[in-house]
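Below you'll find the structure, written out as structure tokens, and then a few comments.
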Amino acid sequence: MGTGPRWEHFDHVGDVGVRGIGGSKAEAFVQAAIALTAVITDPAGVRPERRVDLAAEGGDDDLLLLGWLDAVIYAMATRRMLFGAFELGFTPGGVEGHAWGEAVDVARHQPVVEVKAATFAELAVRRLPDGQWLAQCVVDV
């Protein structure tokens, strides 16, 4: 799979899979959030004009990823923003982080779809044989 943090999409009937890979679990979660933005628009075109605080809880790593991505989706929908950069840290039973982004500019961002929710389909957080971390799930579009 290569080394270094990265994100990718994978096919799923009717929806889109988002996958983050990183040297740490936190880095994989960040990359999964960037993959989420990339479902909508090119994350590189999102300016880091405003910081938004995010938090999620979950009983295990899989549920934490689901909560984290749903927190990103909720913030994008309610604030009418897109995010291109993230950071996070783990807390007992949860995750806290920040997203940097800007208001949606339809002409510039050319959003393709609206992401409605992260789902349990293909949900996985695990360490890969090469030592990297993987964080993935399918998002409902």
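The values are calculated or read from the model by the stated rules, or taken from the named source; none is laboratory data. Predicted model only: the values in this text are computed from it and were never measured. Glycine also receives a Cβ, built like all others from the backbone with ideal geometry; neighbour counts cover every protein chain displayed. Just so you know, the surface numbers come from the protein's heavy atoms only, side chains and all, with ligands and any DNA or RNA stripped out. Shrake-Rupley method; radii C 1.70, N 1.55, O 1.52, S 1.80 Å.
Nonpolar atom fraction for the chain, defined as the carbon and sulfur part of the 1.4 Å probe accessible area, stands at 51 percent. Converting phi to 3J(HN,Hα) with the Karplus coefficients 6.51, -1.76 and 1.60 and the offset θ = phi - 60°, the stretch 12-29 yields 8, 3, x, 9, 10, x, 10, 9, x, 10, x, x, 9, 4, 4, 5, 5, 5 Hz in sequence order, with x at every glycine or proline. Annotation for Arg47 and Glu8: the two label points, set 7 Å from Cα along the Cα-Cβ direction, are 3.3 nm apart. Taking amide H as placed 1.01 Å from N in the peptide plane, Val104 has its amide H under 5 Å from the amide H of Met81, Leu82, each at least 5 places away in sequence or on another chain. Put a plus charge on the Cβ of each Lys and Arg, a minus charge on the Cβ of each Asp and Glu, and nothing anywhere else: the dipole of the chain about its Cα centre is then about 300 debye. In the full protein context, the chain carries 49 Å² of accessible surface per residue, based on a 1.4 Å probe and ignoring ligands, DNA and RNA. The local environment of Arg108, defined by Cβ-Cβ distances under 11 Å, has a net charge of -2 under the rule Lys, Arg +1 and Asp, Glu -1.
Only one residue of Thr119, Tyr74, Thr41 has its Cα farthest out toward the positive end of the dipole of the chain, where Lys and Arg carry +1 and Asp and Glu -1 on Cβ, and that residue is Thr41. Most tightly packed first, judged by the mean number of other beta-carbon atoms within 10 Å of their residues, the peptides 85-91, 8-14 read 85-91, 8-14. The charge dipole of the stretch 1-73, taken about its Cα centre with unit charges on the Cβ of Lys, Arg, Asp and Glu (plus for the first two, minus for the last two), comes to roughly 340 debye.
Once C-alpha pairs closer than 8 Å and six or more residues apart are averaged by separation and normalised to the residue number of the chain, the relative contact order reads 30 percent. Amide H to amide H distances under 5 Å link Ala117 with Asp140, where only residues 5 or more positions off or on other chains count and H is placed in the peptide plane.
Its Cα centre serving as origin, the stretch 65-141 has a Cβ charge dipole (Lys and Arg +1, Asp and Glu -1) of approximately 40 debye. Rounded to the nearest whole Hz, the Karplus-based 3J(HN,Hα) values (6.51 cos²θ - 1.76 cosθ + 1.60, θ = phi - 60°) of the stretch 77-84 follow the sequence 5, 6, 9, 6, 10, 10, 10, x, with x at glycine and proline. Over the chain, DSSP H runs of length four or greater, each weighted -39,500 (n - 2.57), average out per residue to a 222 nm ellipticity of -9000 deg cm²/dmol. Our compactness index for the chain, the C-alpha radius of gyration over the empirical 2.2 N^0.38 Å, is 0.96.
Mean sequence separation of contacting Cα pairs (under 8 Å, at least six apart), scaled by the length of the stretch 80-125, corresponds to a relative contact order of 32 percent. Let me know the shape class of the stretch 71-141, please: from the alpha-carbon gyration tensor, a ≥ b ≥ c as square roots of the eigenvalues, rounded when a/c is under 1.5, otherwise prolate if a/b is greater than b/c, or oblate. It is prolate, given that a/c is not under 1.5 and a/b is the larger ratio.
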